[in-house]
Amino acid sequence: MHTWFITGASGGFGALIAEKALAKGDQVVATARNPKAILKRFGERPNLLAVGLDVTDEAQVHAAVRQAVTRFGRIDVLVNNAGYGLLGAVEEASGAEIEALYRTNVFGLLAVTRAVLPHMRRQRSGHILNFSSVGGYRSVAGFGVYCSTKFAVEGLTEALADELRPLGIHATAIEPGYFRTDFLDSTSLSVSPTQIADYAETAGAVRTKATEISHHQPGDPDKLAEVVVAFVDAPNPPVRLPLGSDTVAAIEAKHAADAELLAEWRSVSASTDFATAA
């Protein structure tokens, strides 16, 4: 039996993962800004602790982790799921919008991780699942600032995996593609009000496309939750877990593009080393 600590658990992937873990008989600490939404969905259960948590408030983070350990004695799986998107060209995003996004998607994730790690280190076990995105592997027009937060999550997860492996703790970046959740709704996606005409064919086109595909995405979120709950029992989990056929296609395309880049520019890239003695 695992004890889960899940952020952003009132809806979307977080709620579905909590649901699957509870059904399996695991213990779940489900956190959200409004914990009443969690209780409304799942009801009172002996293996559920609903905790109010704003991940941008470090004092709340430490209080939530203390409640979790007091109630269940340990934390085996941390799911850093809390986050939201920002749609707009890089130039269109305001400084306030960018800072708010980073406070949740990056600094909030760091705060929760740093609060949980002392307990996992004491146990010499645990698994950190950081929700990244296909946008953490390749960026696109219209989602540049959002993707940059997910690139940060990828870098942090890679380093954590190296640092924690000798301690018996795993770290994995979960990389969903487009799944049929509320991510493209106003509840999860902030849209920059500034629109610059010069970006109409790039970021502007993505604004329109996002509206069109909302709730028509190819990914099944229920299947993702099933995969994630089963994944924590993998004996040798990877540092990245791509989920969705569109994520697989995006990774393959980027690998091919990078291979072409190296083939074309290899001599230039290697020319910057010190000359070796004959």
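Looking at Tyr146, Tyr137, just one residue is in contact (Cβ under 8 Å) with a residue 60 or more places away in the chain and closer than 16 Å to Ser190 by Cα, and that residue is Tyr146.
For the stretch 69-108, give me the residue count where each residue is part of a loop (DSSP other than H, G, I, E, B) and not polar (S, T, N, Q). Walk me through how you get there before you give the answer.
To start, the set of residues in the stretch 69-108 that are part of a loop (DSSP other than H, G, I, E, B) comprises 73-76, 81-84, 88-94.
Within this subset, residues satisfying the condition of being not polar (S, T, N, Q) are 73-76, 82-84, 88-93.
Qualifying residue count for the region: 13.
Just name the residue that is modelled with the highest pLDDT out of those in the stretch 1-48 that are assigned to a helix (DSSP H, G or I) and in contact with a Pro (Cβ under 9 Å, 6 or more places away or on another chain). Walk me through it before giving the result.
To start, the set of residues in the stretch 1-48 that are assigned to a helix (DSSP H, G or I) comprises 12-23, 35-42.
Next, from what is left, pick out any that are in contact with a Pro (Cβ under 9 Å, 6 or more places away or on another chain): 12-13, 16.
On the way: Gly12: 91, Phe13: 93, Leu16: 96.
Among them, the one singled out is Leu16.
Among the residues of the stretch 49-68, those identified as in a helix (DSSP H, G or I), open to solvent by 30 Å² or more (accessible area, probe 1.4 Å) and touching a residue at least 40 places away in the same chain (Cβ under 8 Å) are Glu58, His62.
Residues checked against (1) modelled with pLDDT of 90 or more; (2) under 18 Å from Phe13 (Cβ atoms); (3) out of contact with any helix residue (DSSP H, G or I) (no Cβ under 8 Å at 6 or more places or on another chain); (4) open to solvent by 30 Å² or more (accessible area, probe 1.4 Å):
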position: Thr172; (1), (2), (3), (4): yes, yes, no, no
position: Leu184; (1), (2), (3), (4): no, yes, no, no
position: Leu189; (1), (2), (3), (4): no, yes, no, no
position: Val206; (1), (2), (3), (4): no, no, yes, yes
position: Ile213; (1), (2), (3), (4): no, yes, yes, yes
position: Ala230; (1), (2), (3), (4): yes, yes, yes, yes
position: Leu243; (1), (2), (3), (4): yes, yes, no, no
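Of everything listed in (1) open to solvent by 40 Å² or more (accessible area, probe 1.4 Å); (2) in contact with a strand residue (DSSP E or B) (Cβ under 7 Å, 6 or more places away or on another chain); (3) not aliphatic (A, V, I, L, M), the single unmet condition for Pro46 is (2). Check whether at least one residue in the stretch 95-109 is at pLDDT 95 or above, open to solvent by 60 Å² or more (accessible area, probe 1.4 Å) and among the hydrophobic types (A, V, I, L, M, F, W, C), and report yes or no. Yes: one or more hits. State whether one or more residues within the stretch 30-47 are touching a helix residue (DSSP H, G or I) at 6+ places or on another chain (Cβ under 7 Å) and within 15 Å of Ala115 (Cβ to Cβ). Looking through the stretch 30-47, at least one residue is touching a helix residue (DSSP H, G or I) at 6+ places or on another chain (Cβ under 7 Å) and within 15 Å of Ala115 (Cβ to Cβ).
Residue-by-condition table, conditions (1) touching a strand residue (DSSP E or B) at 6+ places or on another chain (Cβ under 7 Å); (2) within 15 Å of Thr3 (Cβ to Cβ):
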residue: Asn81; (1), (2): yes, no
residue: Ile98; (1), (2): no, no
residue: Tyr102; (1), (2): no, no
residue: Gly108; (1), (2): no, no
residue: Ala111; (1), (2): no, no
residue: Arg114; (1), (2): no, no
residue: Gly126; (1), (2): yes, yes
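Condition test on Glu19, is it closer than 26 Å to Ala230 by Cβ and open to solvent by 40 Å² or more (accessible area, probe 1.4 Å)? It is true that Glu19 is closer than 26 Å to Ala230 by Cβ and open to solvent by 40 Å² or more (accessible area, probe 1.4 Å). Screening Ala32 against (1) in contact (Cβ under 8 Å) with a residue 24 or more places away in the chain; (2) open to solvent by 10 Å² or more (accessible area, probe 1.4 Å) leaves a single unmet condition, (2).
Look at the stretch 255-277: where a residue is more than 27 Å from Tyr137 (Cα to Cα) and assigned to a helix (DSSP H, G or I), no partner that is aliphatic (A, V, I, L, M) and open to solvent by less than 90 Å² (accessible area, probe 1.4 Å) sits 6+ places away or on another chain with Cβ atoms under 8 Å.
Any chance the stretch 268-277 includes a residue that's among the aromatic types (Phe, Trp, Tyr), modelled with pLDDT under 95 and open to solvent by 30 Å² or more (accessible area, probe 1.4 Å)?
Yes, the stretch 268-277 has at least one match.
Kindly evaluate Arg122 against the criterion of being part of a helix (DSSP H, G or I), under 19 Å from Thr3 (Cβ atoms) and open to solvent by 10 Å² or more (accessible area, probe 1.4 Å). Judged against the criteria, Arg122 is a match.
The values are calculated or read from the model by the stated rules, or taken from the named source; none is laboratory data. The structure presented is a predicted model; accordingly, all values stated were derived computationally and were not measured. Glycine also receives a Cβ, built like all others from the backbone with ideal geometry; neighbour counts cover every protein chain displayed. Accessible surface is based on the protein model in full, side chains and every heavy atom, while ligands, DNA and RNA are left aside. Shrake-Rupley method; radii C 1.70, N 1.55, O 1.52, S 1.80 Å.
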